[in-house]
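These notes concern the structure reproduced below.
Every number here is computed from the coordinates shown, using simple stated rules; none is lab data. Everything numeric here is computed off the predicted structure, so don't read it as measured data. Please note: Cβ atoms are built from the backbone with ideal geometry, for glycine as well, and neighbour counts cover all protein chains shown.
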Amino acid sequence: MAVDVSIVPCGSYDEDVCREALTKALAPFGGLDWVTEGMCVVIKVNLVSAMKPEQAATTHPTLLCELTKMLVSRGAHVVLGDSPGGLYTSSHVNHVYDLSGMHDCEAVGAELNQDFSQKDASFPEAVCAKKFTYTSYLDRADAIIDFCKLKTHGMMGLTNAVKNYFGVVPGTMKPEYHYKYPQIADFSNMLIDLGLYFKPRICICDAVVGMEGNGPTQGSPRKIGCILAAESASKLDLLAAKLIGLKIDDVPTLQAARVRGLIPDSAEELEIAGDAAPFLIPDFKTMPAQSSVFFHKAGTGVIGKIVDTFLFRALTPCPKVKKNECIGCGKCAKICPAKAITMQNKLPVIDRKACIHCFCCQEFCPKGAMGVYRPAIARLLNK
């Protein structure tokens, strides 16, 4: 039977340990035998923000270096790229490269993307993203590798292989996409659409050290001790979610993938190469689960809309300012796609009716002063 996902131990970011783990994780999918001389392989990494590797917010450079060496040894030209949040400009992205350790990869033969142009695409088969804008450098790829980082996420519950596709959208346009797809089901389907359009050859997950708590940038590093690989991003995410104690209904992208028939009804139905049991972390600090109210409407008409509104407000997490930690920089107000945040007396004030629950404010707060509040009914139901 064909393998859906592989999982192998990787206890540290030691070079030899990483190389051995990558080799074993890729083996069930033919290793790198598909790589040919002169092929351009783009590694789509997670470089969400300008953060150091030890902060566990970005794909670790040692894993990327070892994968680059393996690809270069087969004659491939390797390009590493991502579109972090914020300005999609040379100065900003290169600052992210500097802090995240990406220049280590240059030393072993990788090219760091310096093409910051963008293109429009048409994808009629998509559920949501029938037309979208993407980063042009991806056109160079003969093959794409999706190399994600296992983290919690305020909006999506989990950011991993599928959420990593959002990095193909230019950073300056990301707030627009949050506003274009305010419903979590539509946003999730948009992410899946992007993955189906670009068709990565393989997906790899850095779960050596993940991020728990206030992810995807302000959480705490947590050792998991493994890496995962799969040809399907959604199937990889299904197993990754299980490792940290999340179910399909806790992760909107998994809910969308199940509806579209891309994953089975549970991780137990996956064909797994390797033993996941040693890497299950029941006390992993996850983010408040997004409500499945987005997927199951109460009904139509006035009564249905009233019930939907009540369920949405009663079950949906929302951002909340930690006043004692806020420095009044105003970055949350500037980045909010819905313009739901205003600064008053050097503190952000959130218009709850205008808020679209994208958690951009929480993701990009430089001090982690924007938390995630779970309504009382939601807390009770999740006990």
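Overview of values
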| read-out | value |
| --- | --- |
| Ala354-Glu37 FRET efficiency (beta carbon distance; Förster radius 41 Å; 0.05 resolution) | 0.15 |
| Options (1) 9; (2) 12; (3) 20 - which one matches percent of Cα pairs over 41 Å apart as calculated here | (1) |
| HN-Hα J in Hz across the stretch 215-224 - Karplus 6.51, -1.76, 1.60, θ = phi - 60°, x for Gly and Pro | x, x, 10, 10, x, 10, x, 9, 5, 10 |
| Cross-link pairs Lys235/Lys322; Lys242/Lys320; Lys52/Lys174; Lys131/Lys346; Lys235/Lys339 - those with Cα-Cα distance over 31 Å | Lys235/Lys322; Lys131/Lys346; Lys235/Lys339 |
| Relative contact order (%) - the chain, alpha-carbon pairs under 8 angstrom, separation at least six | 17 percent |
| Derived scalar couplings ³J(HN,Hα) [the stretch 339-348; Karplus, 6.51 cos²θ - 1.76 cosθ + 1.60; whole Hz; x for Gly, Pro] | 6, 8, 10, 10, 9, 10, 6, 6, 10, x |
| Neighbourhood charge, 13 Å Cβ-Cβ cut-off, centred on Glu66 and excluding it, Lys, Arg +1 and Asp, Glu -1 | -3 |
| In degrees, nearest ten, helix 184-198 long axis to first principal axis of the chain (Cα) | 20 degrees |
| Radius 11 Å from Cβ of Ala121, net charge of other residues (Lys, Arg +1; Asp, Glu -1) | 0 |
| Local net charge near Ala161, Cβ-Cβ under 12 Å (Lys/Arg +1, Asp/Glu -1) | +1 |
| Hz values of 3J(HN,Hα) by residue in the stretch 157-162 - Karplus curve (6.51, -1.76, 1.60), Gly and Pro given as x | x, 9, 10, 7, 5, 6 |
| GluC sites (Glu not before Pro) lying in DSSP loop within the stretch 30-127, provided at most 14 other Cβ fall within 10 Å | Glu37, Glu125 |
| Cleavage-rule hits, trypsin sites (Lys or Arg not before Pro), the stretch 43-138, DSSP coil, Cβ neighbours within 10 Å at most 14 | Lys130 |
| Crossing angle, helix 90-100 versus the chain [Cα axis fit, 0-90 degrees, rounded to tens] | 80 degrees |
